[in-house]
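The values are calculated or read from the model by the stated rules, or taken from the named source; none is laboratory data. Quantities reported herein were computed from a predicted structural model and do not represent experimental measurements. When we count neighbours, we look across all protein chains shown, and the Cβ atoms used for this are built from the backbone with ideal geometry, even at glycine.
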Amino acid sequence: MWEDRFNTEEYVFGTAPAQFMLDHQALLSPGQRALSVADGEGRNSIFMAECGLEVTALEFAPSAIAKARKLATKRGVNVDFQNVDVTAHDWPRTYDLVVGIFIQFLGPDARAELMQNMKRSVAPGGLMLLHGYTPEQVGRGTGGPPRAENMYTEDLLKDSFTGWNILENRAYEREINEGRGHSGMSALIDFIARKPA
Ligand SMILES: C[S@@+](CC[C@H](N)C(=O)[O-])C[C@H]1O[C@@H](n2cnc3c(N)ncnc32)[C@H](O)[C@@H]1O
């Protein structure tokens, strides 16, 4: 399904980073190691590389990775793009930042497992950055899967990060224009937490 969706010249989610990344650019510092999970066509990983971070991107749709590589070349940055199914991945090392933007393709059980793996991949003192939709998004037709149980709530994220220092956990509404895939008034949530050192 994703492969079919990405198999076009167009960048389905655009080539600019998510507005969430721009809003939180102050958290990015040159030299940090970052992991972008289910990175799609590269817009967010490439932005972090442009900010001077050393970036690894995990994604399983070959046509999305091909477009991401093309965009990175055009922008003159290096990203380690890995063709990986994040539900069957080793998560071998840790990162200063682990970033998951619009990765709500899993139901509650598989999501909990992915979240555990992503949490393990954050180095002590490092940050988890998540951005996605709340259940209020379902039925709007402006992006995201049609499954409320896949979405995040502030309580779900707070409970998933017990013991971490939660810096931001905010649900809000905003109009976004991030390619054809995410376009229009949207019910969003931003979450940022620091792992204990
Ligand atoms: C809504 S898109 C978001 C892409 C990107 N994060 C962005 O914001 O532009 C969801 C992405 O998850 C990827 N994806 C879905 N299931 C995956 C899996 N099991 N392993 C790796 N990537 C997956 C899709 O191919 C797609 O690129």
| message | Can you confirm whether residue 130 is surrounded by 14 or more Cβ atoms within 10 Å (Cβ to Cβ), in a strand (DSSP E or B) and within 12 Å of the ligand (Cβ to nearest atom)? | response | yes
| query | Just for segment 6-26: of the residues that are more than 18 Å from residue 176 (Cβ to Cβ) and surrounded by fewer than 17 Cβ atoms within 10 Å (Cβ to Cβ), which one is farthest from the ligand (Cβ to nearest atom)? | reply | 26
| Under 6 Å by Cβ, and 6 or more places apart or on different chains, what pairs join a residue from segment 7-25 that is free of Cβ contacts under 8 Å to residues at least 40 places away in the same chain with one that is near the ligand (Cβ under 9 Å from one of its atoms) and basic (Lys, Arg)? | 17/43
| Here is a list of conditions, (1) within 11 Å of the ligand (Cβ to nearest atom); (2) farther than 16 Å from residue 130 by Cα; (3) buried (at least 17 other Cβ atoms within 10 Å of the Cβ); (4) touching a residue at least 40 places away in the same chain (Cβ under 8 Å), and residue 37 meets all of them except one; can you say which number that is? | (2)
| query | Going through segment 30-52 one residue at a time, which ones are of a type in the set (Lys, Arg) and in a helix (DSSP H, G or I)? | reply | 43
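Touching a strand residue (DSSP E or B) at 6+ places or on another chain (Cβ under 6 Å), of a type in the set (S, T, N, Q) and more than 10 Å from the ligand (Cβ to nearest atom): does that describe residue 56?
yes
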| request: Just name the residue that is surrounded by the most Cβ atoms within 10 Å (Cβ to Cβ) out of those in segment 83-109 that are closer than 23 Å to residue 20 by Cα and of a type in the set (S, T, N, Q). | output: 104
| task | Kindly list the number of the only condition in (1) under 23 Å from residue 177 (Cβ atoms); (2) in a loop (DSSP other than H, G, I, E, B) that fails for residue 71. | result | (2)
| query | If you scan segment 137-189, which residues turn out to be in a loop (DSSP other than H, G, I, E, B) and of a type in the set (A, V, I, L, M, F, W, C)? | reply | 138, 151, 161, 164
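Please specify each residue of segment 142-197 satisfying the condition of being aromatic (Phe, Trp, Tyr) and more than 16 Å from the ligand (Cβ to nearest atom).
Correct list: 161, 164, 172.
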| query | Which ones in segment 52-74 are over 17 Å from residue 93 (Cα atoms) and hydroxyl-bearing (Ser, Thr, Tyr)? | reply | 63, 73
| Does segment 56-63 include one or more residues that are without any contact (Cβ under 8 Å) to a residue 60 or more places away in the chain, hydroxyl-bearing (Ser, Thr, Tyr) and more than 22 Å from residue 164 (Cβ to Cβ)? | no
| task | Hey, can you tell me all the residues within segment 1-29 that are at pLDDT below 95 and not in a loop (DSSP other than H, G, I, E, B)? | result | 2, 3, 4, 5, 6
| field | Test result for residue 88, of a type outside the set (Asp, Glu), within 11 Å of the ligand (Cβ to nearest atom) and without any contact (Cβ under 8 Å) to a residue 24 or more places away in the chain | value | yes
